[in-house]
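What follows is a single structure, written as structure tokens, with notes after it.
The values are calculated or read from the model by the stated rules, or taken from the named source; none is laboratory data. If you're wondering where the values come from, they're calculated on a predicted model, not measured in any experiment. Note: ideal-geometry Cβ built from the backbone for every residue, glycine included; neighbour counts use all protein chains shown.
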């Protein structure tokens, strides 16, 4: 609350010096308090404003409504909206309604969000692309992609142009329910509307292809991503690497790993864990051990998952002495064994 507290102190000093803070000054402090979740303090300051004859405006109410939504006090936010509706001098704007629609949708309160959306239209306000995007997101979070698509269609019918967020939201929704073909059609539609997909759009599609087991299409998507000017990042490459290894495409995985390095991207410990795990399970323990031994040289230190992968890989090949030695090294490096460490050992004992 550092800067906000300083602002409050400045208000007090102004008052003591005979100066009268105006509405803009109060609004800045109220907004700061609300953004920090201090809605009770913000309400107290608003009461002080009214007591001094300073009327709250739409900016004040929007800050308060946003603050109440942020701390999950929706009844308070709705009460403030109702207060604005009843008053003739302060009218809620599109942003006011968007705050509530977005907050409700994120908590799965889509029916309530639709009511607020309807009230906005009833009061003669035209929802903007942010309004529609929030409602689409609400439906997608509940897995109701047909309803989300209806919202997109309605937006277009009412003369609003969907943006990249609109399409990314719906693409993500389709991918979550494994309707990847519909998601890919939306990508084509984006290009037809001259909208450039961003990293989020491509990552949603990549995740959808991955979870649908359509690994062969993933590299084409990465190439399309690069062609559109969106450089694939390490998260993207990690997904692709993981999928290649799960499909036992070990040579492709090794080529991809070298490509990552050649692109100047530094692999992180997750990258190495994916690769070592895939190599161990694919019968290439020697290669896995070589990579493991080079980790510290690369400035990427193993974590407990790395040790567990290698220990279990060694045990799987019957190299129990090496596995035990690595277990001791793991403990010495501050990683106590967990359930994953012992699970294969317990299973082996039970099978004897």
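A compact table of results
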read-out: Index of the failed condition, residue 32 passing every other in (1) in a helix (DSSP H, G or I); (2) farther than 30 Å from residue 136 by Cα; value: (2)
read-out: Residue satisfying condition, being in contact (Cβ under 8 Å) with a residue 12 or more places away in the chain, out of contact with any strand residue (DSSP E or B) (no Cβ under 8 Å at 6 or more places or on another chain) and at positive phi, within set 159, 138, 143; value: 143
read-out: Condition check for residue 132: under 14 Å from residue 204 (Cβ atoms), assigned to a helix (DSSP H, G or I) and either out of contact with any helix residue (DSSP H, G or I) (no Cβ under 7 Å at 6 or more places or on another chain) or modelled with pLDDT of 95 or more (or both); value: no
read-out: Residues located in segment 51-61, provided they are surrounded by fewer than 22 Cβ atoms within 10 Å (Cβ to Cβ) and either within 33 Å of the chain's Cα centre (by Cα) or under 21 Å from residue 93 (Cβ atoms) (or both); value: 54, 55, 57, 58, 59
read-out: Selection from segment 135-192 of residues that are within 20 Å of residue 97 (Cα to Cα) and not in a helix (DSSP H, G or I); value: 158, 159, 160, 161, 162, 163
read-out: Filter result (more than 19 Å from residue 132 (Cβ to Cβ) and crowded, with 22+ Cβ neighbours inside 10 Å) within segment 161-202; value: 175, 202
read-out: Near pairs, Cβ below 9 angstrom, 6+ apart or cross-chain, from segment 292-309 (farther than 20 Å from residue 341 by Cβ) to any residue that is modelled with pLDDT of 90 or more and in a loop (DSSP other than H, G, I, E, B); value: 296/302; 298/266; 298/267; 299/266; 300/266; 300/267; 300/268
read-out: Qualifying residue in segment 124-145 (condition: more than 21 Å from the chain's Cα centre (by Cα) and surrounded by 20 or more Cβ atoms within 10 Å (Cβ to Cβ)); value: yes
read-out: Residue 64 being buried (at least 23 other Cβ atoms within 10 Å of the Cβ) and under 20 Å from residue 138 (Cβ atoms); value: no
read-out: Residues satisfying the stated conditions in segment 203-216, i.e. surrounded by 15 or more Cβ atoms within 10 Å (Cβ to Cβ) and assigned to a helix (DSSP H, G or I); value: 203, 204, 205, 206, 207, 208, 209, 210, 215
read-out: Flag if residue 29 is over 27 Å from residue 120 (Cα atoms), surrounded by 15 or more Cβ atoms within 10 Å (Cβ to Cβ) and touching a residue at least 12 places away in the same chain (Cβ under 8 Å); value: yes
read-out: Filter pass, residue 72 being free of Cβ contacts under 8 Å to residues at least 60 places away in the same chain, outside any helix (DSSP H, G or I) and within 29 Å of residue 133 (Cβ to Cβ); value: yes
